[in-house]
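The values are calculated or read from the model by the stated rules, or taken from the named source; none is laboratory data. Everything numeric here is computed off the predicted structure, so don't read it as measured data. Don't worry about glycine lacking a Cβ; one is built from the backbone with ideal geometry, like all the others, and counts go over all protein chains shown. Side chains are part of the model used for accessible areas, which takes the heavy atoms of the whole protein and leaves out ligands, DNA and RNA. Shrake-Rupley method; radii C 1.70, N 1.55, O 1.52, S 1.80 Å.
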Amino acid sequence: MAANAAIIGGRPRAPRRVIPGFGPTLGFTLLYLSAIVLIPLAALFLKAAGMGWDQWVATFTDWRVLASLRLSFGGSAIAALVNAVFGLLVAWVLVRYDFPGRKLVDAMVDLPFALPTAVAGIALTALYAPNGWIGSLLEPLGIKVAFTPLGVIVAMVFIGLPFVVRTVEPVLADLDAELEEAAASLGADRVQTFVRVILPALGPALLTGFALAFARAVGEYGSIIFIAGNMPGISEIAPLMIVTKLEQFDYVGATAIAVVMLVVSFVLLLAINALQKWRHARLRGG
Amino acid sequence: MIRFIDDEWLRLGGAVLFAAAFAAGVATLIPGAQAAESKTLLNVSYDPTRELYQQVNAAFTKQWKAKAGDELKINQSHGGSGKQARSVIDGLEADVVTLALAYDIDAIAARGLLDKEWQKKLSYNSAPYTSTIVFLVRKGNPKQIKDWDDLVKPGVSVITPNPKTSGGARWNHLAAWGYALNKWNGDEGKALDFVSQLYKNVPVLDSGARGATITFAQRGLGDVLLAWENEAYLALDEFGGGFEIVTPSISILAEPPVAVVDKVVDRRGTRAVAEAYLQYLYTPEAQQIIAKNHYRPRDPEVWKAVQKGFSPVKLFTIDDVFGGWTKAQNTHFADGGVFDKIFAKK
């Protein structure tokens, strides 16, 4: 690893690169990132900058906007948490056990990636509506899923699952089962083995999966919109508020919400990254 | 990872240069704007008119070929009315727009793509067909819904889309408001109470009219769906016999307008055919097609012939009651408007 070499060599000198062409490749990277990510985002900020202070204040003291932001970020966090737990379980089963149909289940995990989001939304709504297969079972228990915030979270969980499974799976596959056996032979019980041996090794991957699932859920529109019910202040998500603004030809107001979502997401992802770095450093140190 | 020290800067400079050169190269490869061709028309419309315009287009191209000798192809684009208007504003080359609300075409006109006075250019407010808002109820009408008053009764569940995102929902809202104004002799406070009461009975606000229809027809939610008349008939055809249409005593006259987009037709040289196309919508032949698709035709002769297919209803216009679309939009649906207030009160 390059990092190791750098540590052995004392103060790092730029290591001799094996493959030449740093210039062209970085150049292409810059161009590509500019065209695909930076320019559209810059345009977004530019547009939002055309808004006066009073407009900003009016937009972000609007209780509907605030409620929708709360639902989008809060719901996404819950959904990502659920996915982190159950995604880990799914990855575990897929990696550690061989059973008939494993390949099929493995392929199924990716379906939320591939399915058009509107299809996912309509399918979930059909299932969880009071007359749907699952909804009709929950109805007598007094649990309403479709057309409530709970439905929003269900859709977010659906689209986020592959992110956790796919990031945890390869790391888990690399993790030797002997490690667990060693822990067991040293007297650790099952919980201790899981919490102190397996979880720390999976931590970074799990956190990445969580972050990806979270980010995806925050920006999701298509699959949620059908199941949400869209009641003002209750089950409206932030992307719907953007659409609402656009529907009034209020481009600036729409981009303002988008910019705030972008900034909050960025800060959260940055925080998750920092957390990971900190953990990594601590593990190294200890 | 980039370390911003020493000669790394030099390399970085080289990289940026390369990026610029590459970008310039790609730019020269992109061919210039395509030459305009006059043999196609693009009609940008809203969702429920898909079947209508398929039939109208087939008839018009046949007629155009007989008259002008040209082979003509009319492309259609459908979507939510507001979204379609934005596409045109953002550069979708629509020769004609046939949208759900005058407000959406006004928004295009405000960007200078067509004359502000567009609505005066064709007869009947540039709306060659009309529709109205009716109720779709479940077979046998178990909740005995006959008129607007029945919608605010406790225990009646009403399905209507979100007026913030759906043009159809705005018609629904205004129809209810107009009814209340009429009943209480123009008392705005009473109208607000009535419409607030109505929204209390709404469990779901779908983002579009089709979504609301699906919620009602397939998810089994609600006792009554507020819908365009033509959509209600379509739902009867599509979802079989489980439903009935109830026409209220009074409702709003929905006038989905059409217009030629001046900037586009002048650039593409399609003005003549675009204008002929919209004129054609007023001919008895097209009016027949319109009636067949459950829109109310304008032509008095055609209307007389098909009248018995439509339930009688007293209709009021948005101009008479609300002073036009722009005003209605600002009062009722803009941020902080009536709709927002109704939900803020809860």
Shape descriptors of the stretch B:249-302 over alpha-carbon atoms, Rg and Dmax in angstrom, are 14.1, 47
Roughly what % antiparallel, to the nearest 5, for the DSSP beta bridges in chain B? 50 percent
Using only helices, what value at 222 nm comes out for chain B when you add -39,500 (n - 2.57) per DSSP H run of length 4 or more and divide by the total residues, to the nearest 500 deg cm²/dmol? -13500 deg cm²/dmol
Scattering curve values for the stretch A:224-263, log₁₀ I(q)/I(0), Debye with Cα scatterers, q = 0.17, 0.21, 0.27, 0.30 Å⁻¹: -0.44, -0.65, -0.90, -0.97
Around B:Y179 (Cβ within 14 Å, Cβ-to-Cβ, excluding B:Y179; K/R +1, D/E -1) the net charge comes to -3
Whole-Å semi-axes of the ellipsoid equivalent to chain B (Cα gyration tensor, √5λ, descending): 41, 30, 19
At a Cα cut-off below 14 Å, give the aspartates and glutamates reachable from B:K292, other chains included and same-chain residues fewer than 8 away excluded. B:E51, B:E229, B:E231, B:D237
Across all directions of projection, what mean area in square nanometres is found for the Cα convex hull of the stretch B:108-185? 8.1 nm²
Cut-off under 5 Å, modelled amide H: who pairs with B:L42 long-range: B:N75, B:D95, B:V96
Here Rg/Rh (Cα, Kirkwood) for the stretch A:81-225 equals 1.06
Of all trypsin sites (Lys or Arg not before Pro) in the stretch B:85-153, the ones in DSSP coil with at most 10 other Cβ atoms within 10 Å are B:K116, B:K139
In a Gaussian network model of chain A with springs linking alpha carbons closer than 10 Å, the residue among A:A120, A:A49, A:A177 that fluctuates most is A:A177
Please give the calculated 222 nm ellipticity per residue for chain A, where each DSSP H segment of at least 4 residues contributes -39500 (n - 2.57) and the sum is spread over every residue; nearest 500 deg cm²/dmol? -24000 deg cm²/dmol
Under 5 Å between amide hydrogens, which residues at least 5 positions from B:F243 or on another chain qualify, with H placed 1.01 Å from N in the peptide plane? B:K139
Across the stretch A:91-103, in residue order, what do the Karplus-derived ³J(HN,Hα) couplings come to in whole Hz, using 6.51 cos²θ - 1.76 cosθ + 1.60 with θ = phi - 60° and x for Gly and Pro? 4, 4, 4, 5, 8, 8, 10, 10, 8, x, x, 4, 4
Return the whole-Å distance between the Cα centroid of the stretch B:154-178 and the Cα centroid of the stretch B:95-120. 24 Å
Contact order normalised by length for chain A, with contacts defined as Cα pairs under 8 Å and 6 or more residues apart; what percent is it? 27 percent
For the stretch A:53-285, dividing by residue count, accessible area per residue (probe 1.4 Å) in Å² works out to 49 Å²
Rounded to the nearest 10 Å², what accessible area does B:D47 have for a 1.4 Å probe in the complete protein model? 50 Å²
Buried area at the A-B interface (accessible, heavy atoms, 1.4 Å probe, summed, Å²): 3300 Å²
From the phi of every residue in the stretch A:225-236, what ³J(HN,Hα) in whole Hz does the Karplus formula 6.51 cos²θ - 1.76 cosθ + 1.60 yield, where θ is phi - 60° and glycine or proline is x? 4, 7, 9, 6, x, 6, 7, x, x, 10, 10, 8
Over chain B, what relative contact order in percent results from Cα pairs under 8 Å that are six or more residues apart? 22 percent
Sticking to Cα atoms, compute the Rg of chain A to one decimal and its Dmax as the biggest Cα-Cα distance, whole number, in Å. 22.8, 69
Going by a 1.4 Å probe on protein heavy atoms, which residues of the stretch B:162-208 end up with at least 10 Å² less accessible surface in the whole assembly than in their chain alone? B:N162, B:K164, B:T165, B:R170, B:V202, B:P203, B:V204, B:L205, B:D206, B:S207
Taking only C-alpha positions in the protein assembly as shown, Rg and Dmax in angstrom work out to 29.5, 95
If you filter the stretch B:213-265 for chymotrypsin sites (Phe, Trp or Tyr not before Pro), then keep DSSP loop positions with at most 16 other Cβ within 10 Å, what is left? none
When the stretch A:247-286 is reduced to its Cα atoms, the Kirkwood hydrodynamic radius in Å: 12.3 Å
Quick one: which residues, 5+ away or cross-chain, put their amide H under 5 Å from the amide H of A:I237? H built at 1.01 Å from N. none
Once neighbouring chains are kept in place and the probe is 1.4 Å, which whole percent of the accessible area of the stretch A:53-285 is contributed by carbon and sulfur? 71 percent
Which whole-Hz couplings ³J(HN,Hα) result when phi for each residue of the stretch A:39-51 is put into the Karplus expression 6.51 cos²θ - 1.76 cosθ + 1.60, θ = phi - 60°, listed in order with x for Gly and Pro? 5, x, 5, 4, 4, 4, 5, 4, 5, 5, 5, x, 9
Roughly what % antiparallel, to the nearest 5, for the DSSP beta bridges in the protein assembly as shown? 50 percent
For the stretch B:206-346, the Cα gyration tensor yields equivalent-ellipsoid semi-axes (√(5λ), largest first, whole Å) of 29, 24, 17
